[in-house]
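S.K.: Before I ask anything, here is the structure I am working with.
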Amino acid sequence: MIKVLIVDDQELIRESLKVVLSVSGDIEVVDLVSSVSEALKSAAKNCPDVVLMDIRMPEMDGVEGTKLMKERKGSSADHF
């Protein structure tokens with residue numbers, strides 16, 4: 001089972017991606033969040049295999065958010 005975390009500031013996009021991904025029996029959407037700060041908390045709790053992150057978000061863009069996730073992932077073995 002592939003665990004996926006979806007990060008997007010638009011609820012419709014988050015929900016739509018969840019529906020599309022849930023069709024596959026091999027994918028589990030572990031959380032839907034609207035910001036990088038929420039994503040960091042969720043990743044620490046759910047340890048997703050894949051993070052789908054929006055590039056343009058108000059609080060912090062997805063590029064910076066991905067950098068933060070990579071730094072946290074790299075600093076603590078297999079967990080965020």
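Read-outs throughout are calculated quantities, based only on the coordinates presented, and are distinct from any laboratory measurement. Every value quoted in this text rests on a predicted model; they were computed, and no experiment measured them. Backbone-built Cβ (ideal geometry, glycine too); neighbour counts: all protein chains shown.
S.K.: Quick one: if the Förster radius is 25 Å, what FRET efficiency do Met60 and Leu12 give, using the C-beta to C-beta distance and rounding to 0.05? Before the final figure, lay out each step's value.
M.R.: On the way: r = 21 Å, r/R0 = 0.83.
So, using R0 = 25 Å, E works out to roughly 0.75.
S.K.: Ok, one more. Could you pull out every one of the aspartates and glutamates with an alpha carbon less than 16 Å from that of Lys70, ignoring same-chain neighbours closer than 8 positions?
M.R.: Result set, ordered by chain and number: Glu38, Asp49, Asp54, Asp61, Asp78.
S.K.: Quick one, which of (1) 0.96; (2) 1.01; (3) 1.08 is the actual Rg/Rh (Cα atoms, Kirkwood Rh) calculated for this model?
M.R.: Answer by label: (1).
S.K.: If you don't mind, there's one more thing I want to ask. Fully extended, how many nm does the chain gain between Leu68 and Ala44 (0.36 nm per residue separation, minus their Cα-Cα distance)? Please report the intermediate quantities before stating the final value.
M.R.: Details: separation 24, 0.36 × 24 = 8.64 nm, distance 1.22 nm.
Gain in length upon complete extension: 7.4 nm.
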